[in-house]
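**Q** Sending over a structure as structure tokens; questions will come in a sec.
The values are calculated or read from the model by the stated rules, or taken from the named source; none is laboratory data. Since we're looking at a predicted model, the values are computed, not measured. Cβ: placed from backbone, ideal geometry, glycine included. Neighbour counts: every protein chain shown.
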Amino acid sequence: MKRCILPGVVILLAAAYGLFRPPPDKVLPGWDEAAPRPNVIYILADDLGYGDLACYGGSHIKTPQVDRLAAGGLRFTRHYAASPICVPSRFSLHTGLHTGHHRFTENGCKPFPDDLLTVHTLLKQAGYRTGHFGHLWQAMQPGSWGLDPGGKARDPDIQPAIDALRVPPGGHTIYPEEAGEPYIQGIDELLTIWRRESRPLNEVGLYWPVLWRGGDELVQNTDYLEDAFVEGLLSFIRKQDDERPFFAAYWSTIPHRPLQVPGLVSDDVEVLYKAMVERLDDYVGRIMDTLESADLAENTLVLFSSDNGSVDGSNGHLRGGKASLYEGGIRVPFIAHWPKLIQAGRVTDHLCSFTDLLPTLAGLSGVATP
């Protein structure tokens, strides 16, 4: 089946961007190499509902920063996650594969093929600097679902894949391109959860004690988890320049349960959820302000979405929610903001999904669609 490229990309490619040339055998036919390509930041919320944002008709939560993003760009009204649950949905987003074409059909632990192309590897081949901050692969990180508290696979068939993730004797760093960590190949700078944590999630919550930068590089953490991820992303942005484009993925852990916000103690789910979404909105504002301060905003494509429908929030007028194949479980907000080429204030009902991301970014970076 022919892959879909998001609307406007054909026009965008006519003005296409390219300081750093992809390998000759990867170049998109007819691609113009005369001008720089866009930087890309993908912000992915976790369990955010279609009706949680004011720009999508929500009235119960204030989201001025995401609304500003939408007002300055293109808002999609019929964008679909690949699945109503997180792991298969994120896997499709990251690889461009439909859920019928990969093994991650549920939240579980399965081997990640070491030759699988991801958005990060694609853009790195095209000359991009790459970063990932936040959720990574719940399905493959050491100590994740599918493992017992000691890190031993419950399913013996996947134990070899888990063993391949261990840091080898001697403690040297395994870099992303080396065998054994296929799910972080192509990522130059990583900050995610270290999942070899024996305490239950409801005890650790969003104050995860150890973060992972890949290989054997662990970071002790005492901050609210999202604060650490956002600071990592902002630091990554500040290090960029006009000499080379960059791609950064910020896969947030909020507003997924547990519902926790610094300084707020409440048993009211609605109050806690509202505060988490507003905090995420504030992060979006900080990201945009940092791009402005670094003089990178004009040529940075900022994308915002959610991995599936909501449990605790609002899915608007849509039926169902997370884990449901009704619209409320899979229809999600999607905003594209790129001042250089996307006209402000546009709304489209173009039908598109997570699987369109990889071929679209391939087109924008001048790389032939796989």
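**Q** Is it the case that PHE91 is modelled with pLDDT under 90 and crowded, with 24+ Cβ neighbours inside 10 Å?
**A** The answer is yes for PHE91.
**Q** Scan region 339-359 for residues that are in contact with a helix residue (DSSP H, G or I) (Cβ under 8 Å, 6 or more places away or on another chain) and assigned to a helix (DSSP H, G or I) and jot them down.
**A** PHE354, THR355, LEU357, LEU358 - these are the residues of region 339-359 that are in contact with a helix residue (DSSP H, G or I) (Cβ under 8 Å, 6 or more places away or on another chain) and assigned to a helix (DSSP H, G or I).
**Q** On the given criteria, is ARG213 surrounded by fewer than 21 Cβ atoms within 10 Å (Cβ to Cβ), at negative phi and either at pLDDT 95 or above or under 22 Å from the mean Cα position of the chain (by Cα) (or both)?
**A** Here the answer is yes, as ARG213 does meet what is asked.
**Q** How do the pairs read when you match residues in region 355-370 that are farther than 16 Å from ALA82 by Cα with residues anywhere that are acidic (Asp, Glu), using Cβ under 8 Å and keeping only pairs 6 or more apart or on different chains?
**A** Sorted first by the residue in region 355-370, then by its partner, the pairs are GLY366/GLU33.
**Q** Would you point out which residue out of SER305, SER314 is part of a strand (DSSP E or B), closer than 27 Å to LYS62 by Cα and modelled with pLDDT of 95 or more?
**A** SER305 is the lone residue from the list that is part of a strand (DSSP E or B), closer than 27 Å to LYS62 by Cα and modelled with pLDDT of 95 or more.
**Q** What's the number of the condition ARG21 fails, among (1) at pLDDT below 85; (2) touching a Cys at 6+ places or on another chain (Cβ under 9 Å)?
**A** (2)
**Q** Same structure again: If you check every pair at least six apart or on different chains, which have Cβ atoms under 6 Å apart with a residue in region 319-340 that is at positive phi and surrounded by fewer than 17 Cβ atoms within 10 Å (Cβ to Cβ) first and a residue that is assigned to a loop (DSSP other than H, G, I, E, B) and at pLDDT below 95 second?
**A** That search, which allows pairs on different chains as well, returns ALA323/PRO84; ALA323/ILE85.
**Q** Quick one: count up the residues across region 100-121 that are modelled with pLDDT of 75 or more and in contact with a Phe, Trp or Tyr (Cβ under 9 Å, 6 or more places away or on another chain).
**A** Total satisfying the criteria: 4.
**Q** Now for a different question. Just to be sure I understand, how many residues within region 256-292 are more than 18 Å from GLY58 (Cβ to Cβ), free of Cβ contacts under 8 Å to residues at least 40 places away in the same chain and assigned to a helix (DSSP H, G or I)?
**A** Counting residues in region 256-292 that are more than 18 Å from GLY58 (Cβ to Cβ), free of Cβ contacts under 8 Å to residues at least 40 places away in the same chain and assigned to a helix (DSSP H, G or I) gives 2.
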